[in-house]
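Have a look at the structure below before the remarks.
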Amino acid sequence: LEQTKFKETGKKVYVIGEIGIAQELDLINVPYIGGPDDAGKQPDMGPGDKMTVDPDVGAVVVGFDRTINYYKIQYAQLCINEHNAEFIATNLDAVTHLTDAQEWAGNGSMVGAIKGCTGQEPTVVGKPSPLMIDYIETKYKVDRSRICMVGDRLDTDILFGTDNGLQSVLVLSGVTSHEKLSSPDNTI
């Protein structure tokens, strides 16, 4: 949003996500609604009820949200389909490790819900999208060939590195196991 000068449009962002997204939007002075404030909300769905949305929403940002609900999904759907808001995803991680006991549904499931009801593909701003490295290279005047991506996921961290001309180091402390790395199905 900073790169596209979104703030200059006078629009705001509808957030599906947690406080971190709101904090980042505050840093670039982009107004937003939703996020944690919409936790627990339920739309009225009686005869003749319809949900209205703020017509000044110009983008919907979908990030990991432990309080995602039908209200948030419907609000996002209306902003995107009826008001042509841009659909932005922080990442498409299928799973995440919230505890050491098991894998948990990741942000890809939240993005999938919005894709499913809008029929739209999001602009992905997190790994492995090149947007982040393009921004870093421009803002900090750093040659990407001097950057090393260190991460624990083949499908985001290491793919981000290999697809964007970075050196990459995979640590086996997270999602990717040695078996997955060594698998003949691994194309990364």
**Asked** Of all residues in segment 64-91, which are within 30 Å of G174 (Cα to Cα) and either touching a strand residue (DSSP E or B) at 6+ places or on another chain (Cβ under 6 Å) or free of Cβ contacts under 8 Å to residues at least 60 places away in the same chain (or both)?
**Response** F64, D65, R66, T67, I68, N69, K72, I73, F87, I88, A89
**Complete:** Taking first residues from segment 34-47 that are of a type in the set (A, V, I, L, M) and second residues anywhere that are surrounded by 10 or more Cβ atoms within 10 Å (Cβ to Cβ), the pairs with Cβ under 7 Å that are 6 or more apart or on different chains are A39/T67
**Fill in**
By residue number, the members of segment 35-70 that are over 18 Å from the mean Cα position of the chain (by Cα) and crowded, with 17+ Cβ neighbours inside 10 Å are V53
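From the set of residues in segment 165-179 that are free of Cβ contacts under 8 Å to residues at least 40 places away in the same chain and of a type in the set (A, V, I, L, M), which is least open to solvent (accessible area, probe 1.4 Å)?
Checking each candidate, the answer is L166.
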**Prompt:** How about segment 21-32: which of its residues are outside any loop (DSSP other than H, G, I, E, B) and crowded, with 17+ Cβ neighbours inside 10 Å?
**Reply:** I21, A22, E24, L25, Y32
**Request:** Test each condition in (1) over 19 Å from the mean Cα position of the chain (by Cα); (2) under 30 Å from D54 (Cα atoms) for S109 and report the one that comes out false.
**Result:** (1)
**Prompt:** If you scan segment 151-164, which residues turn out to be open to solvent by less than 40 Å² (accessible area, probe 1.4 Å) and in a loop (DSSP other than H, G, I, E, B)?
**Reply:** R153, N164
**Request:** Give the residue that is farthest from I188 (Cα to Cα), with candidates limited to residues of segment 127-168 that are small (G, A, S) and either at pLDDT 95 or above or more than 18 Å from the chain's Cα centre (by Cα) (or both).
**Result:** S145
**Request:** Kindly provide the set of residues from segment 33-59 that are farther than 19 Å from L98 by Cβ, of a type in the set (A, V, I, L, M, F, W, C) and assigned to a loop (DSSP other than H, G, I, E, B), ordered by number.
**Result:** M45, M51, V53
**Request:** Considering every residue within segment 180-187, establish whether at least one is within 18 Å of the chain's Cα centre (by Cα) and open to solvent by less than 40 Å² (accessible area, probe 1.4 Å).
**Result:** no
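Could you tell me which of the residues Q102, Q120, Q74 is more than 13 Å from the chain's Cα centre (by Cα) and open to solvent by less than 60 Å² (accessible area, probe 1.4 Å)?
On the way: Q102 fails: open to solvent by less than 60 Å² (accessible area, probe 1.4 Å); Q120 fails: open to solvent by less than 60 Å² (accessible area, probe 1.4 Å).
Of Q102, Q120, Q74, the one residue that is more than 13 Å from the chain's Cα centre (by Cα) and open to solvent by less than 60 Å² (accessible area, probe 1.4 Å) is Q74.
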**Message:** Any residue that is within 21 Å of C117 (Cα to Cα), in contact (Cβ under 8 Å) with a residue 12 or more places away in the chain, more than 19 Å from the chain's Cα centre (by Cα) and open to solvent by 30 Å² or more (accessible area, probe 1.4 Å) - is there at least one of those in segment 6-15?
**Reply:** no
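The values are calculated or read from the model by the stated rules, or taken from the named source; none is laboratory data. Model, not experiment: these values are computed from the prediction. All Cβ positions, glycine included, derive from the backbone under ideal geometry; neighbour counts span all protein chains shown. Areas reflect the complete protein model, heavy atoms only, side chains present, ligands, DNA and RNA absent. Shrake-Rupley method; radii C 1.70, N 1.55, O 1.52, S 1.80 Å.
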